[in-house]
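*Asks:* Quick one: the structure is below, and I'll ask about it shortly.
The values are calculated or read from the model by the stated rules, or taken from the named source; none is laboratory data. Being a predicted model, the structure only gives us computed values, none of them experimental. Methodologically, a virtual Cβ is constructed for each residue, glycine included, from the backbone with ideal geometry; neighbour enumeration extends over all protein chains shown. Areas reflect the complete protein model, heavy atoms only, side chains present, ligands, DNA and RNA absent. Shrake-Rupley method; radii C 1.70, N 1.55, O 1.52, S 1.80 Å.
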Amino acid sequence: HLSLRRQRQMCIRDSITTAFWYLRYEELDREQEVIRRDVEYAQQRLRLRLIDKQAQVTRLAQSIGNRETNVQGFQSEVQTLLNQSPEIASLTWLDARSRLRAGDANVQEIHSHPETQTTFELSRSLMQAVYSQPITEKRGNEQLFSELQLHVPIINHGKFEGVLLVEYALEGMLRYAVPSEINSKYAVSIRDSNNNVLAGQAN
């Protein structure tokens, strides 16, 4: 009887242990699922904001290509867009030779990275909007500035006439495009393909 009782106690103990780890596993799995959903939501919001801004810039590029907007009209349109879009660092009108037509951006700084010309040429070749790879460089204040460029072609009767170049500040994208409830819950960062931090918290 003693042996039987001991076996029964061991079985009960093992059952309790198994149940405990199963519940813990379920808890961890639920936590991971919550994180997964939050990340997907943040990515979706970021993507939708980029799509919305691209649509606005595309309409402006079409207006320029159709000769409906001149340099003065461009400046007015850009100021409105920048007021609505704090994540956009600059919006510049470049001609077919990549020369400045209008905008407040420092063209020397814009062209200091080879990725700018590569993306410009790709937009010319494809005759469509193209995003650059993330660019990190030192600006005038010697601080690192990480950005994403969007080149939207200006086309008139099938002829390439330049691009509207949008510079998105990645810190701004993180602050204004990622929902505040996500930023308040997690240490959020934007990283490149090598896991280098481009914006946000390293840990």
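*Asks:* Here are the criteria: (1) open to solvent by 20 Å² or more (accessible area, probe 1.4 Å); (2) of a type in the set (A, V, I, L, M, F, W, C); (3) under 17 Å from Glu147 (Cβ atoms). Tell me which single one Val130 does not satisfy.
*Replies:* (1)
*Asks:* Here are some conditions: (1) over 21 Å from the mean Cα position of the chain (by Cα); (2) hydrophobic (A, V, I, L, M, F, W, C); (3) in a strand (DSSP E or B). Ala89 meets all but one. Which one does it not meet?
*Replies:* (1)
*Asks:* Within the stretch 173-203, which residues are of a type in the set (S, T, N, Q) and surrounded by 15 or more Cβ atoms within 10 Å (Cβ to Cβ)?
*Replies:* Residues satisfying the conditions are Asn183, Ser189.
*Asks:* When the stretch 28-49 is examined, which residues are found to be open to solvent by 80 Å² or more (accessible area, probe 1.4 Å) and out of contact with any helix residue (DSSP H, G or I) (no Cβ under 9 Å at 6 or more places or on another chain)?
*Replies:* Residues satisfying the conditions are Arg30, Glu31, Gln32, Arg36, Arg37, Glu40, Gln43, Gln44, Arg47, Leu48.
*Asks:* Which one of the conditions (1) surrounded by 11 or more Cβ atoms within 10 Å (Cβ to Cβ); (2) of a type in the set (D, E, K, R); (3) part of a helix (DSSP H, G or I) does Arg101 fail to meet, given that it meets all the rest?
*Replies:* So Arg101 meets the others, but not (3).
*Asks:* Suppose the filter is within 25 Å of Ala177 (Cβ to Cβ), polar (S, T, N, Q) and at pLDDT below 95; does Asn70 pass it?
*Replies:* Against the criterion (within 25 Å of Ala177 (Cβ to Cβ), polar (S, T, N, Q) and at pLDDT below 95), Asn70 does not qualify.
*Asks:* Show the residue pairs that are 6+ apart or on different chains and have beta-carbon atoms under 6 Å apart, the first residue being within the stretch 129-155 and within 21 Å of Asn194 (Cα to Cα) and of a type outside the set (A, V, I, L, M, F, W, C), the second being in a loop (DSSP other than H, G, I, E, B) and at pLDDT below 95.
*Replies:* Between residues of the stretch 129-155 that are within 21 Å of Asn194 (Cα to Cα) and of a type outside the set (A, V, I, L, M, F, W, C) and residues that are in a loop (DSSP other than H, G, I, E, B) and at pLDDT below 95, the close pairs are Pro134/Asp192; Glu137/His113; Gln149/Ser132.
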